[in-house]
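Below: the structure, in structure tokens.
The values are calculated or read from the model by the stated rules, or taken from the named source; none is laboratory data. Note that the structure is a prediction, hence the values are computed from the model and not measured. Neighbour counts are summed over all protein chains in view; Cβ atoms, including those assigned to glycine, are modelled from backbone coordinates with ideal geometry.
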Amino acid sequence: MNYNIKTLYFSATGTTGKIVKRLAVELSSCFAEHKQITHLDFTLPARRKEIVDFNEDDIVIVGTPVYAGRVPNVLLKYLNSVKSNRSLAIAVVVYGNRNYDDALIELKDILDTNGFNVAAAGAFIGEHSFSDILAKGRPDDLDYNVVKEFANKIYFKLSSGLSTVKVPGHIPYRPYYKPKDKDGNPVDIRKIKPKTNKYCTDCKTCVEVCPVASINYNDPSQLDGICIKCGACIKKCPVNAKYFDNENYLRHKHELEVEFAERRNPELFL
């Protein structure tokens, strides 16, 4: 099996990248001669302007986070531009311990449509983008043990000449998951934006890590575009200057931390 191992992933707070890159390393180690790994991180906008395609000699590990139970809609245009000539693919989604809903089947469908042959798929858990409590510190050592197991199973499957997989989900896809207000009515938190407190040092870290380039360079307290609630500006701020104060957002965050505190485990499909 003379394959090149490549990754293609979006990872605003780093959790998806950790899973995808570890899987690439573990899969490479399964081969008698370890394969060179090429990483394609399309988290920042500039990388999503590049034309990317793969061929039949590639195994491509494709990873996205789960936002509201689906593949982030801001990524759909780019993902649908990625083409393949019968490349093998491994679809990976990473969610914050609530549920991945239809994200995995949606990612698989995108890859199928773009000419990939999806041989395996997995749903993994990472620390929730809204919280530093929910799935705190994940992926952790237990998750990485599953990643290693997943790599071994993928290698065995490919060695056996098998290269298709079925994943769970609904067709048509279910609507995006919506939080609720105190009366149980659905609320829309898409338009809320992070605030900036007095501790901001104007270091520009938030500007540099925003995956949709919405934070104003001259005044990082201002947003010039949309906020996708990825958590990058909050989690990566060195002085904790970014925060949300919207009532519905905070209620939703608290409910997630309470109702979905029980540890969920990765799910593998081969």
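One residue is enough: does segment 145-162 have a residue meeting the conditions assigned to a loop (DSSP other than H, G, I, E, B) and modelled with pLDDT of 95 or more? Give the steps one after another, and end with the answer.
Here is the first cut: in segment 145-162, the residues assigned to a loop (DSSP other than H, G, I, E, B) are 160-162.
Next, only the ones that are modelled with pLDDT of 95 or more stay: none.
The answer is no; no qualifying residue exists.
Just checking: which of the helices (runs of 4 or more DSSP H) contained wholly in segment 165-270 hold 2 or more residues that are touching a helix residue (DSSP H, G or I) at 6+ places or on another chain (Cβ under 8 Å) and at pLDDT 95 or above?
205-209, 232-235
Going by what's in this entry, would Phe124 be described as in the same structural domain as Gly17 (by TED's automatic domain parsing), more than 24 Å from Leu27 (Cα to Cα) and either in a strand (DSSP E or B) or in contact with a helix residue (DSSP H, G or I) (Cβ under 7 Å, 6 or more places away or on another chain) (or both)?
Working: in the same structural domain as Gly17 (by TED's automatic domain parsing): yes; more than 24 Å from Leu27 (Cα to Cα): no; either in a strand (DSSP E or B) or in contact with a helix residue (DSSP H, G or I) (Cβ under 7 Å, 6 or more places away or on another chain) (or both): yes.
For Phe124, the condition - in the same structural domain as Gly17 (by TED's automatic domain parsing), more than 24 Å from Leu27 (Cα to Cα) and either in a strand (DSSP E or B) or in contact with a helix residue (DSSP H, G or I) (Cβ under 7 Å, 6 or more places away or on another chain) (or both) - is not met.
If a residue has to be without any contact (Cβ under 8 Å) to a residue 60 or more places away in the chain, within 19 Å of the chain's Cα centre (by Cα) and crowded, with 16+ Cβ neighbours inside 10 Å to count, how many in segment 41-58 make the cut?
4
Closer than 18 Å to Val93 by Cα, more than 16 Å from the chain's Cα centre (by Cα) and modelled with pLDDT of 95 or more: does that describe Val25?
Details: closer than 18 Å to Val93 by Cα: yes; more than 16 Å from the chain's Cα centre (by Cα): yes; modelled with pLDDT of 95 or more: yes.
Spelling it out, Val25 is indeed closer than 18 Å to Val93 by Cα, more than 16 Å from the chain's Cα centre (by Cα) and modelled with pLDDT of 95 or more.
Considering segment 63-90 alone, what residues qualify as being crowded, with 19+ Cβ neighbours inside 10 Å and over 30 Å from His254 (Cα atoms)?
The answer is Leu79, Val82, Ser84, Ser87, Leu88, Ala89, Ile90.
Out of Asp181, Asp109, Asp140, report the one residue that is more than 19 Å from the chain's Cα centre (by Cα), acidic (Asp, Glu) and closer than 25 Å to Lys229 by Cβ. Let's see the steps before the verdict.
Values: Asp109 fails: more than 19 Å from the chain's Cα centre (by Cα); Asp140 fails: more than 19 Å from the chain's Cα centre (by Cα).
The conditions single out Asp181.
Count, please, the residues in segment 26-36 that happen to be out of contact with any His (no Cβ under 8 Å at 6 or more places or on another chain) and buried (at least 16 other Cβ atoms within 10 Å of the Cβ). Reasoning before the result, please.
Within segment 26-36, the subset out of contact with any His (no Cβ under 8 Å at 6 or more places or on another chain) is 26-27, 29-36.
From what is left, the residues that are buried (at least 16 other Cβ atoms within 10 Å of the Cβ) are 26-27, 30, 35.
Residues meeting the conditions: 4.
Restricting to segment 157-206, name every residue that is among the β-branched types (Val, Ile, Thr), farther than 24 Å from Arg251 by Cα and in contact (Cβ under 8 Å) with a residue 60 or more places away in the chain. Walk me through it before giving the result.
Just the residues of segment 157-206 that are among the β-branched types (Val, Ile, Thr), to begin with: 164-165, 167, 171, 187, 189, 192, 196, 201, 205.
Filter once more, so that each one left must be farther than 24 Å from Arg251 by Cα: 164-165, 167, 171, 201, 205.
Answer for segment 157-206, where residues must be among the β-branched types (Val, Ile, Thr), farther than 24 Å from Arg251 by Cα and in contact (Cβ under 8 Å) with a residue 60 or more places away in the chain: Val165, Val167, Ile171.
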